[in-house]
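Q: Quick one: structure below, then a few questions.
The values are calculated or read from the model by the stated rules, or taken from the named source; none is laboratory data. It should be emphasised that the depicted structure is a prediction, and the values quoted were computed from it without experimental measurement. Here Cβ is always computed from backbone atoms with ideal geometry, including for glycine, and neighbour counts include all displayed protein chains.
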Amino acid sequence: MMKMTMKAIVTTKYGSPDVLQLQELKKPVPKEDEVLIKIHASTVTAGDCEMRRFDMPAFLWLPLRLYFGAFKPRIKVLGQELTGEIEAVGKSVTKFNVGDAIFAPTQMALGGHAEYICLPEKYAIALKPQNMSFEEAATLPTGGLNAQHFIRKGNVKKGDRVLINGAGGCIGTYAVQIAKSMGAEVTAVDSGGKLKMLSGLGADHVIDYTKQDFGQLVAAQSIEPFDVIIDIVGKGSFARCVKALAPDGTYVMGNPRISGIIKGWAIGLNTWQKVVAAIAPYKVEDLNRLKELAEKGEIKAVIDKVYPLEHMADAHRYVETGAKAGNVVITIKSEQ
Ligand SMILES: NC(=O)c1ccc[n+]([C@@H]2O[C@H](COP(=O)([O-])OP(=O)(O)OC[C@H]3O[C@@H](n4cnc5c(N)ncnc54)[C@H](OP(=O)(O)O)[C@@H]3O)[C@@H](O)[C@H]2O)c1
């Protein structure tokens, strides 16, 4: 008999990885316009850990706290992205068939850390790249969509000198590859242990941020200023990034703070430089563009570790060490 429940990792309260519990939840049933996805793989991102701890930028803290649950998590299952197979479709669904292998972000409803999820067919859902495994394709939505958006906001062109700060993580590894596929000269900045991997992805230059400051290297004229700086981590000083820019360069803040948005607006009024706060919209055409890039061999997944769903707390602990290179993938083996 078909099981009416599913395994899921539930965030019981905000806090350390110990708050994550394996529970049996009701298996979702698709509404008319929804698809039921049997999830094969998901990931644990820095964003999942931030949501679990509820560690949010000041200007987003209140609206996000109201959305995620004021006193305890209302959105109980994390997991921002997934791959899997369509198991059932609602009556009015026309774009997908049972058995289609797909990849998708879960968007604000989350829910990737479970055996099943229902998503409306109009959400950003696309057929999985044929040359990627489920584990590999699970890394594409968050990293790939954000990387693609940041590069678009930077208006990266062939020959541009592009610096990617925080290049060794889930967004950065795709940003390096997409910028290279567009013919940019890429400088990747991250900690020393990730630089060999970044050179392997095609980065022309690498900088270990624990040893050298790219702002000081530009100020000392040891390296040329950059046409585009994509700052994924947003931990360094705003002024350092702006000073390392060419006179008409663009600084893309992937992790914007309110102070940076205000300073960026003032810079845009007084110089030819542009400062952009980027928050990626999730669109099906962008997923299809990632599928195309993957199938052409221009981007590949960087997977550091793979954990089964049942070992979710260990996966969170590992991501929080900061040692993660690229992505941490979760595999979900269904008993049904
Ligand atoms: N704007 C948006 O729409 C959006 C969307 C998704 C995520 N985000 C945010 O973007 C941030 C990064 O996401 P991610 O998933 O790519 O994170 P990630 O996978 O953890 O990667 C971040 C990388 O940055 C490196 N790093 C840390 N401090 C650094 C510094 N001072 N200078 C240079 N590199 C540094 C880390 O390496 P070490 O730990 O070895 O130093 C790591 O390799 C998160 O805070 C996330 O919430 C924004």
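Q: In this structure, is LYS157 away from the ligand (no atom under 15 Å from the Cβ), basic (Lys, Arg) and not in a helix (DSSP H, G or I)?
A: Yes.
Q: Among the residues of region 275-328, which ones are within 13 Å of the ligand (Cβ to nearest atom), surrounded by fewer than 21 Cβ atoms within 10 Å (Cβ to Cβ) and in a strand (DSSP E or B)?
A: Listed by number, the residues that qualify are VAL276, ALA277, ILE303, ASP304, LYS305.
Q: Only residues that are in contact with a Phe, Trp or Tyr (Cβ under 8 Å, 6 or more places away or on another chain) and more than 28 Å from LEU145 (Cβ to Cβ): list them for region 208-258, please.
A: If the condition is that a residue be in contact with a Phe, Trp or Tyr (Cβ under 8 Å, 6 or more places away or on another chain) and more than 28 Å from LEU145 (Cβ to Cβ), then VAL218, ILE223, PRO247 are the ones that fit.
Q: May I pose another question? Which of the residues belonging to region 255-266 are surrounded by 19 or more Cβ atoms within 10 Å (Cβ to Cβ) and more than 23 Å from ASP55 (Cα to Cα)?
A: GLY264
Q: Additional query: Can you name the residue in region 125-154 that is within 11 Å of the ligand (Cβ to nearest atom) and either within 18 Å of ILE39 (Cα to Cα) or aromatic (Phe, Trp, Tyr) (or both) and, of all such residues, is surrounded by the fewest Cβ atoms within 10 Å (Cβ to Cβ)?
A: Residue satisfying both the conditions and the ranking: THR142.
Q: Restricting region 21-46 to residues that are outside any strand (DSSP E or B) and among the basic types (Lys, Arg), which is farthest from LEU78 (Cα to Cα)?
A: Top of the filtered list is LYS31.
Q: Output yes when any residue across region 266-288 is at positive phi and under 18 Å from the mean Cα position of the chain (by Cα), and no when none is.
A: Within region 266-288, not a single residue is at positive phi and under 18 Å from the mean Cα position of the chain (by Cα).
Q: Among the residues of region 73-86, is any crowded, with 20+ Cβ neighbours inside 10 Å and more than 22 Å from the chain's Cα centre (by Cα)?
A: Yes, region 73-86 contains a residue that is crowded, with 20+ Cβ neighbours inside 10 Å and more than 22 Å from the chain's Cα centre (by Cα).
So that you can scan it fast, the table gives a plain yes or no per residue for (1) among the hydroxyl-bearing types (Ser, Thr, Tyr); (2) at pLDDT 95 or above; (3) more than 24 Å from THR173 (Cα to Cα); (4) not assigned by TED's automatic domain parsing to the domain that holds ILE232:
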position	(1), (2), (3), (4)
TRP265	no, no, yes, no
TYR307	yes, yes, no, yes
HIS316	no, yes, no, yes
VAL319	no, yes, no, yes
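Q: For region 183-209, enumerate the residues that are under 20 Å from the mean Cα position of the chain (by Cα) and among the hydrophobic types (A, V, I, L, M, F, W, C).
A: Answer for region 183-209, where residues must be under 20 Å from the mean Cα position of the chain (by Cα) and among the hydrophobic types (A, V, I, L, M, F, W, C): VAL186, ALA188, VAL189, LEU195, MET197, LEU198, LEU201, ALA203.
Q: Continuing with this model, one more query. Say whether the condition of being under 23 Å from the mean Cα position of the chain (by Cα) and either under 26 Å from LYS122 (Cβ atoms) or in contact (Cβ under 8 Å) with a residue 60 or more places away in the chain (or both) is met by at least one residue in region 20-31.
A: So far as region 20-31 goes, yes, one or more of its residues are under 23 Å from the mean Cα position of the chain (by Cα) and either under 26 Å from LYS122 (Cβ atoms) or in contact (Cβ under 8 Å) with a residue 60 or more places away in the chain (or both).
Q: I've got another one for you. What single numbered condition from (1) assigned to a loop (DSSP other than H, G, I, E, B); (2) modelled with pLDDT of 95 or more fails to hold for CYS49?
A: Here CYS49 clears every test but (1).
Q: Filter region 1-20 down to residues that are touching a helix residue (DSSP H, G or I) at 6+ places or on another chain (Cβ under 9 Å) and in a loop (DSSP other than H, G, I, E, B), then give me how many there are.
A: Final tally of qualifying residues: 5.
Q: I'd like the residue in region 235-254 that is surrounded by 20 or more Cβ atoms within 10 Å (Cβ to Cβ) and of a type outside the set (Phe, Trp, Tyr) and, out of all such residues, is nearest to the chain's Cα centre (by Cα).
A: Only one residue tops the list, namely GLY254.
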